[in-house]
Amino acid sequence: QSGHFTYDPGFTSTASCESKITYIDGDKGILLYRGYPIEQLAEQGDFLETCYLLLYGELPTAAEKADFDMRVTKHTMVNDQMHRFFQGFRRDAHPMSIMVAVVGALSAFYHDSIDISDPQQRMIASMRMISKLPTIAAMAYKYSVGQPFVYPQNSLSYAANFLRMCFAVPCEEYQVNPVLARALDKIFILHADHEQNASTSTVRLAGSSGANPFACIAAGIACLWGPAHGGANEAALKMLEEIGTPDRIPEFIKRAKDKDDPFRLMGFGHRVYKNYDPRARIMQKTTHEVLAEIGDTDDPIFEVAKELERIALQDEYFIEKKLYPNIDFYSGITLRAMGFPTSMFTVLFALARTVGWIAQWMEMIEDPHQKIGRPRQLYTGSPQRDYRTLSQRG
Ligand code: SDX
């Protein structure tokens, strides 16, 4: 009250925008893309079908799907000039730092040729990002391991192409494992969109000023990197490896409950889900499939994760605070089993989430009432006061 602005604490607008794209019921653990349950899309469809659904609002017919797949596949190469961006990075640079920079640099190639007031050109820009993000992500990985970049192969599916660009080497034949490709495709579907999460809100806010979509997606990648958000998959696996064996779980559960300890169970809890994250259920099943395929069904870290989940879900602290595993809890185990280093986990999250960011950006741009975002604040600083000269300050 002392000269500060008063505010009504009851005034908390929970809805930041209207959207037709993704629906979450956090209490029931429901996730729908354009009305379709994530479980059905992940089990019965593929990632490019989900991309079409998120962008156009309907599932594609066979002809529409074939055309969409062709339009994505035909643009998976990047301008060879982009190879030079990588040279400025140390080989041990975190791949997410490369993604922020190189995706932002895409605007240098398309900025002046994309008129975002033209719906057709907006879709072209959007499709270019869906096409090129895997290529850039694979290049970031290859650069980090000191191997030559691998060009995309148009005869492969989206996920298979990405696996090959990451793991093929010029000196021998590379056969994509179809079970791993299918699992990765499913993982991309699970990560495709998630309503107004922090990185999507970042993309919307950046786009509301009229910034070009490539720069907006780069802003989304930067936000996703944080360990409280997309960086949690990397942090969760590191936490599970630190726990190491089931007998050490109680020690970590105790730390997670200790108000004075900043440690939190990574991959647990969610702002919206106060029930089991439906994506985590599918993720755990996919982890089983991948571990069985590579013959590692008794992966000790997977056993630790399942035991940690079992103990936490019976603990009164987690029950009271409605803390459940989220999408990031099991994903790292699966991606590591596929051969990805922890530093690539959030890169894969960004690769998959690009279509959600783009769909949300397009929805925002197409809103005729859309204005530049301008959040307000509650001012708690000094009341107005007069300047004092140095001699007056003592
Ligand atoms: C993603 O928004 C999205 O949709 C994001 C995402 C997407 O698809 O885009 O779903 C992806 O980011 C998933 C979340 C990944 N992050 C993590 O797994 C990091 C660990 N989780 C926590 O940092 C936390 O749960 C958050 C950040 C995810 C959610 O934060 P909230 O909703 O702000 O929860 P909170 O911090 O207010 O926690 C509520 C209470 C607190 O205790 P009190 O202050 O009420 O006493 O629960 C506790 C927290 O201390 N708590 C945890 C915990 N998460 C919350 N305690 C221990 N371990 C945890 N993981």
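The values are calculated or read from the model by the stated rules, or taken from the named source; none is laboratory data. No experiment lies behind these values; they were computed from the predicted model shown. Don't worry about glycine lacking a Cβ; one is built from the backbone with ideal geometry, like all the others, and counts go over all protein chains shown. Remember, those area values only see protein heavy atoms, side chains included, never the ligands or the DNA or RNA. Shrake-Rupley method; radii C 1.70, N 1.55, O 1.52, S 1.80 Å.
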Residue among Gln196, Gln147, Gln360 with the largest mean-square fluctuation in a Gaussian network model of the chain, springs linking Cα atoms under 10 Å:
Gln147
Could you let me know the centre-to-centre spacing of the range 264-312 and the range 128-181, using Cα atoms, in angstrom?
26 Å
Which residue, chosen from Gln153, Ser382, Ala181, occupies the Cα position most advanced towards the positive end of the dipole of the chain, where the dipole is computed from +1 (Lys, Arg) and -1 (Asp, Glu) charges on Cβ about the Cα centre?
Ser382
DSSP loop trypsin sites (Lys or Arg not before Pro) in the range 245-306 with at most 13 other Cβ atoms within 10 Å of their Cβ, which ones?
Lys259, Arg271
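So which chymotrypsin sites (Phe, Trp or Tyr not before Pro) in the range 238-270 end up in coil per DSSP with only 13 or fewer other C-beta atoms within 10 Å? Display every interim value, and only then the final one.
Values: sites: Phe252, Phe263, Phe268; in loops: Phe263.
Hits after loop and neighbour filter: Phe263.
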Compare the peptides 224-237, 54-67 by average per-residue count of other Cβ atoms within 10 angstrom and give them in order, highest first.
224-237, 54-67
Which pairs in the list Lys259/Lys321; Lys186/Lys274; Lys257/Lys321; Lys285/Lys306; Lys142/Lys285 are over 22 Å apart, alpha-carbon to alpha-carbon?
Lys186/Lys274; Lys142/Lys285
Interchain or long-range residues, amide H under 5 Å from His270's placed H:
Tyr324
Taking only Cα atoms and a 10 Å spring cutoff, compute GNM fluctuations for the chain and point out the largest among Gly267, Gly339, Gly220.
Gly339
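Give the accessible surface of the range 122-182 per residue, rounded to a whole number of Å², with probe radius 1.4 Å and ligands, DNA and RNA excluded.
Values: 2390 Å² over 61 residues.
Normalised by residue count, the accessible surface of the range 122-182 is 39 Å².
Filter the chain for me: DSSP H helices, axial length by Cα at least 27 angstrom, mean Kyte-Doolittle hydropathy not below -1.0. List them by residue number. Let's see the in-between values first.
Numbers: long enough: 119-144 (37 Å, -0.02); 345-366 (32 Å, 0.96).
The qualifying helices are 119-144, 345-366.
Nearest 0.05, what FRET efficiency do Thr297 and Glu241 give at R0 = 25 Å with Cβ-Cβ as r?
Details: r = 19 Å, r/R0 = 0.75.
E(calc), rounded to 0.05, equals 0.85.
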